[in-house]
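**Q** Attaching a single structure in structure tokens format; questions to follow.
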Amino acid sequence: MHELALMEEVRRLAEERVAVEGAHRIHRLHLRVGSMAGVDPQALAFAFEVVMQGGAAEGATLRLEVVPTACFCGQCGEAFTPSDVIFACPRCGTLSRRILRGQELELASLEIS
């Protein structure tokens, strides 16, 4: 379960920011997870509950935003949401090689005091 290791890294980043800012508590974390990031959001939420116990993160809450995949069609010049794992443009059928979003795995915001 690599989600546990990912959440441990999120905690490390959050605690690093707490130290830099001279804060004492982590109240809320907002994570953006792309649908193609290779991460199970439910497993990540479970890992959050386990990893955030104790210390500055005790009692913190998680906002988990799943970012849908979006591709760009070089033929049509427009963005589209693929309907499956084959990124074919719904207008012209051209296969897309350019993914605009959906691969994110980022700590978007952090609420500390």
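Any read-out appearing in this document is the output of simple, stated calculations on the displayed coordinates, not a laboratory observation. Please read these numbers as outputs of a predicted model, since none were measured by experiment. FYI the Cβ positions are ideal-geometry reconstructions off the backbone, even for glycines, and counts take in every protein chain you see.
**Q** What trypsin sites (Lys or Arg not before Pro) in the range 26-113 are in a loop by DSSP, with at most 10 other Cβ atoms within 10 Å of the Cβ?
**A** Working: sites: 28, 32, 63, 91, 97, 98, 101; in loops: 91, 97.
Qualifying residues, ordered by number: 97.
**Q** What nm value, rounded to one decimal, do you get for the distance between residue 75 and residue 106 when each label is placed 7 Å out toward the C-beta?
**A** Rounded to a tenth, the inter-label distance reads 3.1 nm.
**Q** Positive end of the charge dipole of the chain (Lys, Arg +1 and Asp, Glu -1 on Cβ, about the Cα centre): tell me which of 66, 4, 41 has its Cα farthest that way.
**A** Projecting each Cα onto the dipole axis, the largest value belongs to 66.
**Q** With a 10 Å Cβ neighbour count serving as the proxy for reagent exposure, in which order, fewest first, do 99, 112 appear?
**A** On the way: 99 15, 112 20.
Fewest-to-most ranking of 99, 112: 99, 112.
**Q** Assign unit charges at the C-beta atoms only (+1 for Lys and Arg, -1 for Asp and Glu), then state the dipole size of the chain relative to its Cα centre in Debye, rounded to the nearest 20.
**A** Values: 11 positive and 15 negative charges, 84 e Å.
Its charge dipole is roughly 400 debye.
**Q** Taking the Cβ of residue 8 as the center, what net charge do the other residues with Cβ under 14 Å away carry, scoring Lys and Arg +1 and Asp and Glu -1? Walk me through the numbers on the way to the answer.
**A** On the way: positive: 11, 12; negative: 3, 9, 15, 16, 49.
With Lys, Arg at +1 and Asp, Glu at -1, the neighbours total -3.
**Q** Moving on. Expressed as an acute angle from 0 to 90° and rounded to the nearest 10, what is the orientation of the C-alpha long axis of helix 41-51 relative to the principal long axis of the chain?
**A** So the inclination is approximately 10 degrees.
**Q** Within the chain, what percent of beta bridges assigned by DSSP are antiparallel, to the nearest 5? All intermediate terms of the calculation are to be shown ahead of the outcome.
**A** On the way: 14 of 21 bridges.
DSSP beta bridges in the chain are roughly 65 percent antiparallel.
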